[in-house]
Amino acid sequence: MLRTDSRLVRSLGATLTALPAYQSALADAPPAFTEVGLRYSHYSEDSLPEERVIFGSPSRYDIDVTQLWIEAPVGGAWSIALDVQNDAMSGASPWFVGLGLDGEPGVIMSGASIEDNRVEVGVTTRYFWADGNAGLAISHSEEDDYEALSFAFDVAWNSADNSRTWTASASSSNDNVSPVKERIPVFIDEESLNTQSMYFGVSQILSQTKIVRIGLSYTQSEGYLTDPYKFADRRPDTHDKWTLSAGYRQFMVNMDAALQADYRYYHDDWGTDSHTIEIGWHQNLGKHVLAPYLRYYTQGEADFFSPIADRSQPFYADDYRLSSYGALTAGVRWTVQFGDWGIEAQAERYRSNNDWSLFDGDAAPALVDFWRATVGLSWRFD
Amino acid sequence: MKTVVLNIALFMLPLWLHGCTAIEPVSAWERGYLADPAMQWDRGKREAKFAGHVYTSKEASSGGAGAAGGGCGCN
């Protein structure tokens, strides 16, 4: 058995003669092994500062996420993967923003703790041929008040010398929302949302240690896009989004490590623009890998956002997620491979602030800070 | 803060410009470093999916990472 992360294989170039420019999960051969894996993650939002809360508990969301998967080769040219994910959510979220006694905007929380459970089941099958591969994925997600069925198709093909790879994908999602009415007043019984998305990208090998990629995506949603659990929220029933993304990887031979840099520009027809920059460092340490990363995100506010919603307008929202802010994320990931067993652990801290934005706009009082942590185990067998 | 971000952007710009203008032929047997897991575009399929869901739920932006998934979980 050859391991592509060993120095021996690197120096020999064994098994790599047909390495395409997109590599990783999209190699032009089915996986050599069956893999079974389990990941557990905990996501926890910081409580809101007391001075920003007018009514309700400042506590926010906690989510326990369990991911289970099996991925196996089928015959000589196919693979199939089954993914199951369970999200157990509890906590409260901002209901609306009003004016506090101090004359500043403050948050009225949703009150009693919300309990919800989301289960997502996805199946992906992939066909491999000499110059590329194509995958088809079907996914179903269900929680108390939300159901989604999505389909996705992707294809990747290589240039004659395997130094350039084009990728294209398309997906469609049909969602249905039927809000639970026990906690706070909601004004709909059932609504639907349809989303279509397309992506086109190209990656190019630049040298023995450098690779770059660029991609364009377009997503269109039509249907109910308002948040039914927010008192002052009314959004258009269409949403068009575009992204331009780029990535760069450079292997540092002397350090047995790699620099990872990614950028995304986002624009939508609700008036929001954003920039995302992520810098990572992947340090090989024998069987271990240590990978710290930093992410900076900044967005401008939507046309119809204001800290306290203006309900006289055709569209309005006080949702902090539509406000102008910047967010910094710092994380570190550790993995180790012992024979057929793989272990992973990761922790990440996310903080957001209106002052960190590159865009002008009023501050929303309910901006979120959170941390998340993950442990995982996987096992490969023939 | 804005100065820091602009400096990072200015630092990365030459890397990408350099990458777009300098392409060296790489033979099939010279791709060992490119095959290292360190050179992958994501940190693993399941981590990429989870992280994407978290950011999409808490930020106004989405997309740019291939086909979209389903579900909400976005309170």
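The values are calculated or read from the model by the stated rules, or taken from the named source; none is laboratory data. This one's a predicted model, so the numbers in the text were calculated from it and none came from an experiment. Every residue, glycine as well, gets a Cβ built from its backbone with ideal geometry; the counts of neighbours run over all protein chains shown.
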Subset of the range A:290-310, residues aliphatic (A, V, I, L, M) and buried (at least 20 other Cβ atoms within 10 Å of the Cβ), comes to A:Ala291, A:Ala302, A:Ala309
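Looking only at residues in the range B:20-67 that are in contact with an Asp or Glu (Cβ under 7 Å, 6 or more places away or on another chain) and assigned to a loop (DSSP other than H, G, I, E, B), which one is farthest from A:Ala168 (Cα to Cα)? So that I can check it myself, show each step before the final result.
First, pick out the residues of the range B:20-67 that are in contact with an Asp or Glu (Cβ under 7 Å, 6 or more places away or on another chain): B:36-37, B:48, B:66-67.
Those left that are additionally assigned to a loop (DSSP other than H, G, I, E, B): B:36, B:66-67.
Working: B:Asp36: 24, B:Gly66: 8, B:Ala67: 9 Å.
Result: B:Asp36.
Select from the range A:372-382 the residues that are surrounded by 16 or more Cβ atoms within 10 Å (Cβ to Cβ) and within 25 Å of A:Ser47 (Cβ to Cβ) and list them in ascending order.
Within the range A:372-382, the first condition is being surrounded by 16 or more Cβ atoms within 10 Å (Cβ to Cβ), and the residues that meet it are A:372, A:374, A:376, A:378, A:380.
The answer is A:Arg372, A:Thr374.
Given the criterion more than 26 Å from the chain's Cα centre (by Cα) and without any contact (Cβ under 8 Å) to a residue 24 or more places away in the chain, identify the matching residue among A:Gly111, A:Gly98, A:Gly103. Show your work before the answer.
Details: A:Gly111 fails: without any contact (Cβ under 8 Å) to a residue 24 or more places away in the chain; A:Gly98 fails: without any contact (Cβ under 8 Å) to a residue 24 or more places away in the chain.
Only one candidate passes the filter, namely A:Gly103.
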A:Asp227 passes all but one of the listed conditions (1) within 17 Å of B:Leu34 (Cα to Cα); (2) modelled with pLDDT under 95; (3) within 21 Å of the chain's Cα centre (by Cα); the exception is number (1)
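Got at least one residue in the range A:181-200 being under 28 Å from B:Ala35 (Cβ atoms), in a strand (DSSP E or B) and either under 23 Å from the mean Cα position of the chain (by Cα) or at the interface with chain B (Cβ under 9 Å from one of its Cβ atoms) (or both)? Explain how you work it out, then say what you get.
Taking the range A:181-200 first, the residues under 28 Å from B:Ala35 (Cβ atoms) are A:199-200.
Checking which are in a strand (DSSP E or B) leaves us with A:199-200.
Checking which are either under 23 Å from the mean Cα position of the chain (by Cα) or at the interface with chain B (Cβ under 9 Å from one of its Cβ atoms) (or both) leaves us with A:199-200.
Yes, the range A:181-200 contains a residue that is under 28 Å from B:Ala35 (Cβ atoms), in a strand (DSSP E or B) and either under 23 Å from the mean Cα position of the chain (by Cα) or at the interface with chain B (Cβ under 9 Å from one of its Cβ atoms) (or both).
Would you confirm, using the coordinates I've provided, whether A:His282 is over 26 Å from A:Leu206 (Cα atoms) and either facing chain B (nearest Cβ under 7 Å) or free of Cβ contacts under 8 Å to residues at least 60 places away in the same chain (or both)? Don't jump to the end; show me each part of the working.
Values: over 26 Å from A:Leu206 (Cα atoms): no; either facing chain B (nearest Cβ under 7 Å) or free of Cβ contacts under 8 Å to residues at least 60 places away in the same chain (or both): yes.
In short, no.
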Of the residues in the range A:208-246, those that are surrounded by fewer than 19 Cβ atoms within 10 Å (Cβ to Cβ), outside any strand (DSSP E or B) and facing chain B (nearest Cβ under 9 Å) come to A:Gln208
How many residues of the range A:108-119 are crowded, with 16+ Cβ neighbours inside 10 Å and assigned to a strand (DSSP E or B)? The answer is 5
Only unsatisfied item for A:Tyr61, checking (1) at pLDDT 95 or above; (2) of a type in the set (Ser, Thr, Tyr); (3) buried (at least 19 other Cβ atoms within 10 Å of the Cβ), is (1)
A careful count of residues in the range A:120-150 that are surrounded by fewer than 19 Cβ atoms within 10 Å (Cβ to Cβ), part of a strand (DSSP E or B) and more than 9 Å from chain B (Cβ to nearest Cβ) gives 9
Selection from the range A:311-359 of residues loosely packed, with under 14 Cβ neighbours inside 10 Å and either within 21 Å of A:Gly100 (Cβ to Cβ) or charged (D, E, K, R) (or both) yields A:Arg311, A:Asp340, A:Asp355
Pairs returned, first residue in the range A:262-279 that is closer than 19 Å to A:Val212 by Cβ, second residue that is in a strand (DSSP E or B) and of a type in the set (Gly, Ala, Ser), beta-carbon separation under 7 angstrom, 6 or more apart or interchain, are A:Asp262/A:Gly247; A:Tyr263/A:Ser245; A:Tyr263/A:Ala246; A:Arg264/A:Ser245; A:Ile279/A:Ala261
Scanning the range A:340-368 for residues that are in contact with a Lys or Arg (Cβ under 9 Å, 6 or more places away or on another chain) and more than 10 Å from chain B (Cβ to nearest Cβ), the one nearest to A:Lys230 (Cα to Cα) turns out to be A:Ala366
